[in-house]
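To start, the structure under review is shown below, and the notes come after it.
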Amino acid sequence: MMLSLKSTTPADWAQFALRDFDTFLIDHASCERKASAVGMSFVVRYPDRSRLVEQMIQFSREELEHFHQVYRLIAQRGLQLAPDEEDPYVNLLMREVRTGRDERFLDRLLVSALIEARGAERIALIADALEDETDARTLILHNGSDAMRFLAEHPIDLLILDYQLPGANGIDVYDAMRRHPRTQHTPVLFITANDKRAEFHRRGLTYIRKPFNLFELLTTVSARLDERRRQSASS
Ligand SMILES: [Fe+2]
């Protein structure tokens, strides 16, 4: 579940970020790395909360994976990571954190959730702005049941499906789609960090392995969309 934000980011923020995309990427890499570190700091501070520890280790690994992906983009562009800078937004939020073990625990979780929600809002703005660079329209669905609900109502040309989803795996979502008359023919491109290659091959499913680069993703997506256009032209 994502916290809902009281205020929205100004609409021209994405244009501002895209104007200096290199700086955006370097800053974004540091956000991913900090998210991973925050997850591990919960593990260290609250080792007695075993359910949280399991989730936080998983979260930290995912964020580290994101950091690695963004780092590769940075390296491909001939750029370097930058040293950490003080973040006034985070500092102001941290000032609200109460003292006392339980209070601090709850407030730090809330602050992290707020930062995560703001990050997700802004990444969606960047995705919208990047969409203007291609002829495809994109929509982000946050979990398998949202995807199923949306796809049952709206036909799409391609679903990019992460193997690792909150509370499910991509193959389960795929199987559910294939059982539903409205989604049984929707083309799917999987993204996976797990070594599920044997299963993907056995079932003839198309996938990209994480970490992938943006060029690889865009070329695979265009190939799938072209194939889809050819199929609908011939039927
Ligand atoms: Fe992330």
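When ASP195, ASP157 are screened for being outside any helix (DSSP H, G or I) and in contact with a Pro (Cβ under 8 Å, 6 or more places away or on another chain), only ASP157 passes. Pairs meeting the criteria (first residue in region 26-43 and under 18 Å from GLN80 (Cβ atoms) and part of a helix (DSSP H, G or I), second residue within 12 Å of the ligand (Cβ to nearest atom) and among the hydrophobic types (A, V, I, L, M, F, W, C), beta carbons under 7 Å, at least 6 apart or on different chains) are HIS28/VAL70; ALA29/PHE67; ALA29/VAL70; GLU32/PHE67; GLU32/VAL70; ARG33/PHE67. Only one of the listed residues (ALA29, ALA120) is of a type in the set (A, V, I, L, M, F, W, C), surrounded by 14 or more Cβ atoms within 10 Å (Cβ to Cβ) and under 17 Å from LEU3 (Cβ atoms). That residue is ALA120.
Kindly indicate whether any position in region 101-123 is outside any helix (DSSP H, G or I) and on the phi < 0 side of the Ramachandran plot. Within region 101-123, none of the residues are outside any helix (DSSP H, G or I) and on the phi < 0 side of the Ramachandran plot. Among the residues of region 100-110, are any surrounded by 11 or more Cβ atoms within 10 Å (Cβ to Cβ), in contact (Cβ under 8 Å) with a residue 60 or more places away in the chain and within 16 Å of the ligand (Cβ to nearest atom)? So far as region 100-110 goes, no, none of its residues is surrounded by 11 or more Cβ atoms within 10 Å (Cβ to Cβ), in contact (Cβ under 8 Å) with a residue 60 or more places away in the chain and within 16 Å of the ligand (Cβ to nearest atom). Among the residues of region 124-136, those identified as without any contact (Cβ under 8 Å) to a residue 40 or more places away in the chain and either surrounded by 16 or more Cβ atoms within 10 Å (Cβ to Cβ) or closer than 20 Å to TRP13 by Cα (or both) are ALA124, ALA127, GLU131, ASP132, GLU133.
Restricting attention to region 137-173, which residues are on the phi > 0 side of the Ramachandran plot and surrounded by 14 or more Cβ atoms within 10 Å (Cβ to Cβ)? Correct list: empty. Checked against the criteria, THR183 does not count as under 30 Å from ASP12 (Cβ atoms), out of contact with any Gly (no Cβ under 7 Å at 6 or more places or on another chain) and not in a strand (DSSP E or B). Could you check, for region 111-123, whether at least one of its residues is basic (Lys, Arg), in contact with a Lys or Arg (Cβ under 9 Å, 6 or more places away or on another chain) and at pLDDT 85 or above? Checked against the condition, which is being basic (Lys, Arg), in contact with a Lys or Arg (Cβ under 9 Å, 6 or more places away or on another chain) and at pLDDT 85 or above, region 111-123 yields no hits at all. Tallying residues that are within 13 Å of the ligand (Cβ to nearest atom) and farther than 18 Å from LEU114 by Cα within region 63-89 yields 8.
The values are calculated or read from the model by the stated rules, or taken from the named source; none is laboratory data. Fair warning: this is a prediction, and the values are worked out from it, not measured in the lab. Every residue, glycine among them, receives a Cβ derived from its backbone with ideal geometry; neighbour counts consider all protein chains shown.
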